[in-house]
Each structure stands twice: as structure tokens, then as C-alpha cells.
Amino acid sequence: MKYVIAIINPHRLDEVKIELEKEEVHLMTVSEVLGCGRQKGVTEVYRGVKEVGNLLHKVKLEIAVNDEFLQRTIDAIIKGAREEKIGDGKIFILDLKDCVRIRTGERGTEAIG
Ligand SMILES: Nc1ncnc2c1ncn2[C@@H]1O[C@H](COP(=O)(O)OP(=O)(O)OP(=O)(O)O)[C@@H](O)[C@H]1O
Ligand SMILES: [Mg+2]
């Protein structure tokens, strides 16, 4: 199991969601966050994106997946979020040790999806 954390531009969220739905990835957590990339906000501010100090508004997606869903999840995020511009975002992939569905007590791959 993997835990996928993707930081994307807010205006790409709908498109990323559509691409994930196509791959039958429905379960996710979405947060509004502030982030700083390599350009420290400077170039992106120049392009008109709202800033808070050198932090830019981003969206964070968190998706726990079974291993066979990992690559299609990554591909869908890239497809929805890539504009070939700085600040397009980043995907972090973590090993996920376990997962518990609170309602049933199911664990691991059963609980995840
Ligand atoms: N190493 C990192 N650690 C934590 N968060 C990061 C890291 N790199 C990027 N992020 C997050 O991802 C967001 C988008 O990053 P961004 O796409 O600007 O990456 P980048 O490395 O600067 O690449 P690019 O040159 O394509 O802009 C950042 O605003 C930040 O929230
Ligand atoms: Mg950047």
C-alpha cells in the first residue's frame, strides 16, 4: 500500500479529479495549503498568482492506494495537473503500513478502498 501526496495548482483540481475518476480512484482527502517551490514564489507571483509572503496557494491531495493502483493514480494526477509550467506541482509517494476502516475494523488492503 502507498500513500500518495500531491501538491497541485488549485485551478487544476477539477481536471485532476476527472482523471482520477476515470481510473476509478474515488477516495481522497483534499486540503487547501500554502507552499513554496524552487522559485520561492517569485516567478509565479509575476504570472499573477495570489501570494502570501513567498507562499503560494496550492491544493494538497492525499490518496491511499493498493499497489496495483499506484501508477494509474500518478498518471492521472500528471494528466490533470501538468501545464508544463513551473509550479505545476509535485507528487510524493510513501509506503503505507496499515489502514483501518473504523466502522468495521477491517485492515490493510480491505480497508483502503
Ligand atoms: N521538497 C518539497 N517539500 C515539500 N513540499 C514541496 C517540495 N517541493 C515542492 N513542494 C510543494 O509543492 C508545491 C509545488 O512545487 P513546484 O511545482 O513549484 O515544485 P518545484 O520543485 O519548484 O518545480 P518547478 O521548477 O516545476 O516549479 C510547492 O508550493 C510546495 O507546496
Ligand atoms: Mg516551482
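The values are calculated or read from the model by the stated rules, or taken from the named source; none is laboratory data. A quick note: this is a predicted structure, and the numbers were derived from the prediction, not measured. Cβ atoms come from the backbone with ideal geometry, glycine included; neighbour counts cover every protein chain shown.
Going residue by residue through segment 15-31, is there one that turns out to be modelled with pLDDT of 95 or more, within 15 Å of ligand 2 (Cβ to nearest atom) and either over 24 Å from Thr109 (Cβ atoms) or more than 10 Å from the chain's Cα centre (by Cα) (or both)? Within segment 15-31, not a single residue is modelled with pLDDT of 95 or more, within 15 Å of ligand 2 (Cβ to nearest atom) and either over 24 Å from Thr109 (Cβ atoms) or more than 10 Å from the chain's Cα centre (by Cα) (or both).
Screening segment 54-73 for residues that are surrounded by fewer than 19 Cβ atoms within 10 Å (Cβ to Cβ) and among the basic types (Lys, Arg) and picking the one that is farthest from ligand 2 (Cβ to nearest atom) gives Arg72.
Picking from residues in segment 77-113 that are assigned to a helix (DSSP H, G or I) and touching a residue at least 40 places away in the same chain (Cβ under 8 Å), the one that is surrounded by the most Cβ atoms within 10 Å (Cβ to Cβ) is Ile77.
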